[in-house]
Amino acid sequence: MEQFELITKITDVQTIAWGHGIKILTWLMRKYGGKPSAWRKKKGKAVIRQFGALYEAELHWFEGHGIGKVNMKIKYKTRL
């Protein structure tokens, strides 16, 4: 898993998949619990710090109702 620190709040949040449209839904339910309808795959933008440098990044993660954000990953980043 990539190590980074969020510097700003995540903005421009969009849901890009939900329920059975999530490819790893079975794994998410096994690892974290919840019903299929409770899971969403989301994306958003934030400024992050990684290895001492600042980047504007697009982040992707999964969010389960009552579980929160899990498996946050950097999809794209541009150095500031």
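The values are calculated or read from the model by the stated rules, or taken from the named source; none is laboratory data. Fair warning: this is a prediction, and the values are worked out from it, not measured in the lab. Cβ atoms come from the backbone with ideal geometry, glycine included; neighbour counts cover every protein chain shown.
Can you work out which of the residues in the range 69-80 that are in a strand (DSSP E or B), over 16 Å from Ala17 (Cα atoms) and not basic (Lys, Arg) is modelled with the lowest pLDDT?
Tyr76
All of Ala57, Ala17 fail the test of being over 19 Å from Glu2 (Cα atoms) and touching a Lys or Arg at 6+ places or on another chain (Cβ under 6 Å), apart from Ala17. Flag not set for Phe62, criterion: hydrophobic (A, V, I, L, M, F, W, C), loosely packed, with under 11 Cβ neighbours inside 10 Å and free of Cβ contacts under 8 Å to residues at least 60 places away in the same chain. Among the residues of the range 1-30, those that are farther than 21 Å from Ile74 by Cα and either in contact with a strand residue (DSSP E or B) (Cβ under 9 Å, 6 or more places away or on another chain) or of a type in the set (Lys, Arg) (or both) comprise Gly19, Met29, Arg30.
Within the range 38-55, the set of residues being of a type in the set (Phe, Trp, Tyr) and part of a strand (DSSP E or B) comprises Trp39, Tyr55. Look through the range 28-49, keep the residues that are buried (at least 18 other Cβ atoms within 10 Å of the Cβ) and more than 16 Å from Thr15 (Cβ to Cβ), and return whichever of them is nearest to the chain's Cα centre (by Cα). Here the residue is Ala46. Considering only the range 23-41, state which residues are closer than 18 Å to Gly66 by Cα and β-branched (Val, Ile, Thr). If the condition is that a residue be closer than 18 Å to Gly66 by Cα and β-branched (Val, Ile, Thr), then Thr26 is the only one that fits.
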